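The values are calculated or read from the model by the stated rules, or taken from the named source; none is laboratory data. Owing to the predicted nature of the structure, the values given are computational and were not obtained by experimental measurement. Ideal geometry is used to build each Cβ from the backbone, glycine not excepted, and the neighbour counts take in all protein chains shown. Heavy atoms of the whole protein, side chains included, go into the accessibility calculation; ligands, DNA and RNA do not. Shrake-Rupley method; radii C 1.70, N 1.55, O 1.52, S 1.80 Å.
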Number of protein chains: 2
Amino acid sequence: MDLDELVRPILDLLRGADERHARIADLAGPDVHEAAFAGLGVPLSLGPGESLDLAALTRAVEATIARSVRTLHPRFFNQNFAGADPIAVIGDFLGAALNTTMATYEAAPVFTLMERAVLARLAALAGWTAHEGLFVPGGSFSNLYALQLARLRVDPEARERGHDGAPLVAFTSTHAHYSLKKAVVLLGLGRRALVEVACDERGRMRPEALAAAVDASLARGERPFFVNATAGTTVLGGFDPLPALADLAERHGLWLHVDGSFGASALFSAAQARRMDGVARADSLAWNLHKMLGVTQQCAAFLVRKTGALRAAFAAGADYLFQPDKPHAEYDSGDLTFQCARRVDALKAWLTWKARGEAGFAARIDHAVALAEHAAARIAGDPRFVLAAPPSWVNVCFWWIPPDLRPLAARTPEVDAALHALAPRIKAAMLRGGAAMLGFQPIDGGPNCFRLLFINPATRREDIDATLDILDACGREALA
Amino acid sequence: MDLDELVRPILDLLRGADERHARIADLAGPDVHEAAFAGLGVPLSLGPGESLDLAALTRAVEATIARSVRTLHPRFFNQNFAGADPIAVIGDFLGAALNTTMATYEAAPVFTLMERAVLARLAALAGWTAHEGLFVPGGSFSNLYALQLARLRVDPEARERGHDGAPLVAFTSTHAHYSLKKAVVLLGLGRRALVEVACDERGRMRPEALAAAVDASLARGERPFFVNATAGTTVLGGFDPLPALADLAERHGLWLHVDGSFGASALFSAAQARRMDGVARADSLAWNLHKMLGVTQQCAAFLVRKTGALRAAFAAGADYLFQPDKPHAEYDSGDLTFQCARRVDALKAWLTWKARGEAGFAARIDHAVALAEHAAARIAGDPRFVLAAPPSWVNVCFWWIPPDLRPLAARTPEVDAALHALAPRIKAAMLRGGAAMLGFQPIDGGPNCFRLLFINPATRREDIDATLDILDACGREALA
């Protein structure tokens with residue numbers, strides 16, 4: 001089969017990353033997509049039928065591209081990732097072609113060394129002098145593993161005995177990622193083991209609220225063991241105050257995990273690194289290179305500041321895989337994690353890093369933050385919109401104001417209800433148009449607001465203006 | 001940057017999949033690889049240095065290919081995957097280029113439909129009339145999630161309260177995948193919550209041993225809640241007797257999970273499907289398309305026979321992602337799993353399925369089983385080797401016998417010790433040569449034996465003869 005034919009539309013997609021006229025998404029429902037694929041002779045459904053020839057497969061690839069969300073478009077602001085680096089895409093392709101597992105050095109010698117190189121440099125950027133770690137399938141797993149290491153530190157018997165119902169308590173902020181809530185359930189600690197601590201107006205945990213929460217927990221006779229500090233919250237881009245949290249963690253013997261899935265890449269930028277001050281004192285760190293750095297899904301590093309805890313937590317020593325009498329077995333990573341086979345995610349990170357250099361990563365961060373600051377200033381001076389929170393990191397949250405309410409004098413319950421109900425209709429209108437894409441959500445119980453996330457280095461100031469105009473037009477359409 | 005230049009060596013690799021003269025692997029240590037990359041001007045280490053130009057990046061891609069394990073080689077028998085289908089590799093490439101997440105229909109409309117199509121057909125092949133499911137990052141997670149669903153079925157309060165130390169007990173066989181051992185620890189049930197049940201000489205759980213183990217557990221006042229049946233064990237390829245296990249599960253109210261990560265693909269083959277008889281009665285099923293079907297790492301389906309349990313176990317309802325007022329939100333899969341962002345693994349499965357058809361998948365399975373049967377017969381008639389177990393599925397386990405012990409009359413402790421110590425030395429010699437690659441491991445406390453795994457459709461009978469000759473030569477080298 002002529003592979004070039006199948007690869008061509010993919011390369012065309014990558015080459016056309018900054019084509020602003022291309023449609024980002026549409027609102028088509030399942031039936032529309034299904035009919036379209038069926039019309040091309042490649043129905044989405046599967047069954048005992050015939051295999052397809054190259055021409056049909058190529059049509060399927062082209063339809064998949066045309067009907068999928070164009071996340072590399074400069075006006076895609078919908079998620080905490082955007083603007084995939086084509087080098088990372090090719091790294092993923094190379095990893096797939098070499099199709100192996102990271103579990104052993106024997107099966108992945110080069111990738112094992114690349115993973116160690118990437119992790120070593122990330123740890124150095126965090127100011128750590130010793131570390132262990134590996135790539136995991138997303139920041140949710142980093143957070144899960146951090147909780148497991150912390151649990152086993154205070155209750156090593158849990159490995160053999162299981163959780164015994166002791167009231168272990170973990171702390172995170174109300175703006176933290178929801179994976180923490182999922183993790184305490186999966187770990188058998190239970191949802192009640194997670195206390196959510198109040199934030200300031202920028203989504204940053206209040207240290208005095210954490211101190212009070214820990215004291216209250218102790219007063220209830222519980223055992224605080226873990227605090228998650230978020231570096232770059234999903235919605236507001238808030239960075240929890242790491243030095244104050246580290247002080248509290250130290251005082252109470254808590255494991256300090258920094259969920260820097262979104263924000264740890266600030267460490268690449270001389271101007272932004274101060275946001276991460278204090279990370280050198282963390283016990284563990286989640287750092288997703290697939291968010292700010294444009295490495296493709298998924299590329300999530302999990303780092304632990306000391307060595308030994310990962311193996312103690314996860315080792316099972318399967319004798320068909322991990323044999324101490326095999327050469328270089330000390331490089332095997334499989335017993336450091338829950339997974340058996342693991343994708344070679346480090347490869348694409350390494351290749352992208354070599355291609356862009358740390359200066360390139362820094363420029364990407366600086367560009368994104370500058371655009372966010374520009375957008376926030378732009379929105380603050382525009383009566384069509386009202387900022388929902390002070391800008392932070394690369395996140396700008398704001399409301400579109402219906403014309404008859406401009407300029408908005410004050411939010412009332414009636415105004416809030418109107419704004420809240422409008423958001424999904426505006427979003428639907430935007431998806432029908434397909435020229436820009438951003439998300440919406442409520443913040444702290446307020447009405448739905450829109451959120452611009454600046455990540456793609458191809459995004460320019462004109463894209464902000466264009467997107468705001470599109471949003472205004474979609475607002476009017478939603479009102480009509 | 002000229003992407004074609006970077007893609008060329010990857011396409012060359014895929015086109016040369018059946019080049020038998022290519023080196024599969026070598027024994028080089030980290031220092032050798034590091035020196036080689038450094039010599040090309042692309043050191044593996046990372047730091048604040050310069051970015052590389054296209055020529056240097058291309059050299060890095062070429063060196064990565066040359067120095068990695070060639071898992072698509074017809075004589076790569078080292079893992080429970082082999083012979084990646086180039087269509088799946090391109091599916092992975094396409095997924096990376098479109099770089100999105102499966103969490104919401106909005107972000108992944110086509111992939112959501114493809115995932116549903118793949119899962120629906122897998123469930124139909126299993127004989128299920130209702131199902132839910134999704135792709136997860138490996139069979140270990142399928143097994144973990146099955147345990148979590150089962151735990152919440154008998155103890156729904158655990159979601160809020162956590163595990164309370166109640167003696168919940170899960171059962172699996174001594175030949176089952178080691179992820180079960182890891183899973184009970186991660187879930188806070190503890191290692192002691194997993195009872196390993198004896199197998200027959202083909203690595204199949206003995207139902208009478210399970211019955212006795214459950215009775216013993218009940219007699220100890222414990223609460224049996226889960227049994228894992230393995231369909232295709234890692235080392236011997238054993239299929240647990242599903243009908244007998246389903247009877248026992250029904251009698252005792254146990255959740256029956258079938259870990260078909262390796263073996264469920266037997267359902268594609270009319271000749272092999274009988275191995276899976278009884279799967280229609282399972283509560284959940286792990287099925288890795290990245291093993292027997294040549295879809296690239298990772299492509300692991302997790303299926304549950306009824307609907308509702310996944311959402312009940314995992315939903316967190318993050319309001320920035322999952323909004324019931326968004327169009328088509330009922331198609332969102334994010335609240336069905338622990339992960340937030342999820343790779344579009346279904347795409348490559350779907351594309352490969354369309355390209356090969358179910359007849360192609362069946363042919364792949366039948367070819368692999370036929371080769372294994374041929375190899376076992378070949379080995380049984382060759383005084384240089386002794387089968388370590390009756391052949392099953394695509395696995396053939398055997399010892400190389402040193403010339404002065406041929407024909408082997410009987411295994412004695414001295415013979416066993418010699419065979420055990422020889423295996424790693426033979427393997428090292430084989431890696432130095434790089435013309436074939438297979439693994440070794442002990443079985444049930446016996447001496448290390450070699451294991452051929454037939455998966456790659458490009459493997460031919462001549463490859464078996466060649467590999468056995470290589471093994472014999474490496475044995476002599478190891479003795480010398």
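Some values worked out for this structure:
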read-out	value
Residue within region B:136-143 that is free of Cβ contacts under 8 Å to residues at least 40 places away in the same chain and either open to solvent by less than 10 Å² (accessible area, probe 1.4 Å) or facing chain A (nearest Cβ under 7 Å) (or both) present	no
Lone qualifier among A:ALA473, A:ALA466, A:ALA478 - being of a type outside the set (S, T, N, Q), within 15 Å of A:ARG384 (Cβ to Cβ), assigned to a helix (DSSP H, G or I) and open to solvent by 40 Å² or more (accessible area, probe 1.4 Å)	A:ALA473
Complete set of residues in region A:179-203 that are of a type outside the set (A, V, I, L, M, F, W, C), surrounded by 21 or more Cβ atoms within 10 Å (Cβ to Cβ) and either under 20 Å from the mean Cα position of the chain (by Cα) or farther than 24 Å from A:HIS163 by Cα (or both)	A:SER179, A:LYS182, A:GLY203
Some residue of region B:162-175 being outside the structural domain of B:PRO442 (by TED's automatic domain parsing) and within 29 Å of B:ALA103 (Cβ to Cβ)	yes
Hits in region B:156-167 - residues which are open to solvent by 20 Å² or more (accessible area, probe 1.4 Å) and either closer than 22 Å to B:GLU196 by Cα or outside any helix (DSSP H, G or I) (or both)	B:PRO156, B:GLU157, B:ASP164, B:GLY165, B:ALA166, B:PRO167
Candidate set from region B:432-442 (those that are open to solvent by 10 Å² or more (accessible area, probe 1.4 Å) and closer than 11 Å to B:LEU471 by Cα); member that is farthest from the other protein chains (Cβ to nearest Cβ)	B:ALA435
Residues of region A:205-233 classified as out of contact with any His (no Cβ under 6 Å at 6 or more places or on another chain) and either in contact (Cβ under 8 Å) with a residue 40 or more places away in the chain or part of a strand (DSSP E or B) (or both), total	15
Residue check for A:PRO224: away from chain B (no Cβ under 14 Å) and more than 22 Å from A:LEU152 (Cα to Cα)	no
Any chance B:VAL32 is at the interface with another protein chain (Cβ under 7 Å from one of its Cβ atoms) and either out of contact with any Asp or Glu (no Cβ under 8 Å at 6 or more places or on another chain) or buried (at least 20 other Cβ atoms within 10 Å of the Cβ) (or both)	no
Test: residue in region A:145-155 that is part of a loop (DSSP other than H, G, I, E, B), open to solvent by 10 Å² or more (accessible area, probe 1.4 Å), more than 7 Å from every other protein chain (Cβ to nearest Cβ) and not small (Gly, Ala, Ser)	yes
Selection count, region A:274-288, where residues are assigned to a helix (DSSP H, G or I) and either touching a strand residue (DSSP E or B) at 6+ places or on another chain (Cβ under 7 Å) or under 13 Å from A:ALA124 (Cα atoms) (or both)	5
Any hit, region A:168-176, residues being within 10 Å of another protein chain (Cβ to nearest Cβ), under 22 Å from B:ARG159 (Cβ atoms) and either at pLDDT 95 or above or open to solvent by 10 Å² or more (accessible area, probe 1.4 Å) (or both)	yes
Residue in region B:359-381 that is open to solvent by 10 Å² or more (accessible area, probe 1.4 Å), assigned to a loop (DSSP other than H, G, I, E, B) and over 24 Å from A:TYR105 (Cβ atoms) present	yes
Residue among B:ARG204, B:ARG161 that is in contact with a Gly (Cβ under 6 Å, 6 or more places away or on another chain) and more than 8 Å from chain A (Cβ to nearest Cβ)	B:ARG204
Tally, over region A:276-313, of residues that are within 14 Å of chain B (Cβ to nearest Cβ), over 16 Å from the mean Cα position of the chain (by Cα) and open to solvent by less than 10 Å² (accessible area, probe 1.4 Å)	2
Any chance B:THR64 is more than 21 Å from B:GLY334 (Cα to Cα) and either within 8 Å of another protein chain (Cβ to nearest Cβ) or open to solvent by 10 Å² or more (accessible area, probe 1.4 Å) (or both)	yes
Output for region A:84-115, where each listed residue is polar (S, T, N, Q) and either facing another protein chain (nearest Cβ under 7 Å) or under 17 Å from B:GLY138 (Cα atoms) (or both)	A:ASN99, A:THR100, A:THR101, A:THR104
